[in-house]
1. Under a crude label model (7 Å from the Cα following the beta-carbon direction), how far is CYS140 from ALA210 in nanometres?
2. How much length is gained if the chain between ARG81 and HIS129 is pulled fully straight, taking 0.36 nm per residue apart and subtracting their Cα-Cα distance, in nm to one decimal?
3. 7 Å from Cα along Cα→Cβ at both THR44 and LYS197: what's the point-to-point distance in nm?
4. Using a Förster radius of 35 Å, what is the FRET efficiency between LYS14 and ALA157 based on their Cβ-Cβ separation? Nearest 0.05, please.
5. To the nearest 20 debye, what charge dipole does the chain have about its Cα centre, counting +1 at the Cβ of each Lys and Arg and -1 at the Cβ of each Asp and Glu?
6. Can you sort HIS129, HIS52 so the residue with the fewest Cβ neighbours within 10 Å comes first?
7. Assuming R0 = 22 Å, what is the FRET efficiency of MET1 and GLN100, from their Cβ-Cβ distance, to the nearest 0.05?
8. In the chain, which longest range has no GluC sites (Glu not before Pro) that are both DSSP loop (not H, G, I, E or B) and surrounded by at most 16 other Cβ atoms within 10 Å?
Amino acid sequence: MIIPKQMPLEKILKTIEGIENILVVGCDGCSGIYQVGGIKQAETLATLIKMHRQLNNEPGEIRHTIVLRQCDQQLVATTLRPQMENIDALLSLACGVGPQTLIDVFPDHKILTAVDTFGMGGKDRELGHFFEYCSGCGDCLLNDTGGICPMTRCPKALVNGPCGGMLDGKCEVGDYKNDCAWFLIYERLKKLGQLDKFKKYREPRDWRVAQSPRKLEI
């Protein structure tokens, strides 16, 4: 799941300064699932912007809506085109893919974002913490590493075991507070009886696979 977080209100208000008519666009995908950019969050943000403008006697109309998935151009077009009358800008509550998709569909409008995006990860059951697990590199190693990605979970993206900075299973990056990815990989492969994979030599990465921007045929 993509990990989004709404920007502070002060930052959002500064971003939209001087723009009168704004449509706040939520996303019912990743952003909506984690209650960052769903319909309730879009409505709340629109209301806060309206209140700010009323207090400061600023002109303009603020509306809100939601798209099932902002990363889908067809859904964006069919959902938003009927709502675009007199709109000067779209304020996206999706991940970083969302506003860039909005630009493709509405190239003549200002497209702004109210969300910071922190990559792809998973959420724990109780504490509400998110953990970045995947960088979308396009050349997956999970089958060799017990399902733990060294490209993302090792700060140095090492593919052939831990560096000399590992101590007691902890990584030197971050002052030994985080688990060493390769220690986790070793323990996982040991548990699975697959330590032969830990000893496997991996060729240097072909970064052309991960070179951006990519056009993917799926």
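Since every read-out is calculated from the coordinates, none of them should be taken as a lab result. Since we're looking at a predicted model, the values are computed, not measured. No Cβ is skipped: glycine too gets one built from the backbone with ideal geometry, and neighbour counts run over all protein chains shown.
1. It works out to 1.6 nm between the two label points.
2. Numbers: separation 48, 0.36 × 48 = 17.28 nm, distance 3.63 nm.
Contour length minus the Cα-Cα distance gives 13.7 nm.
3. 4.1 nm
4. Working: r = 35 Å, r/R0 = 1.00.
Once the sixth-power term is evaluated, E becomes 0.50.
5. Numbers: 27 positive and 27 negative charges, 150 e Å.
Charge dipole, the chain, about its Cα centre: 720 debye, nearest 20.
6. Numbers: HIS129 10, HIS52 16.
Least to most surrounded, the residues fall as HIS129, HIS52.
7. Details: r = 19 Å, r/R0 = 0.84.
Working from the Cβ atoms, E equals 0.75.
8. Details: sites that count: GLU17, GLU20, GLU61, GLU85, GLU126, GLU172, GLU217.
Longest run free of exposed loop sites: 127-171.
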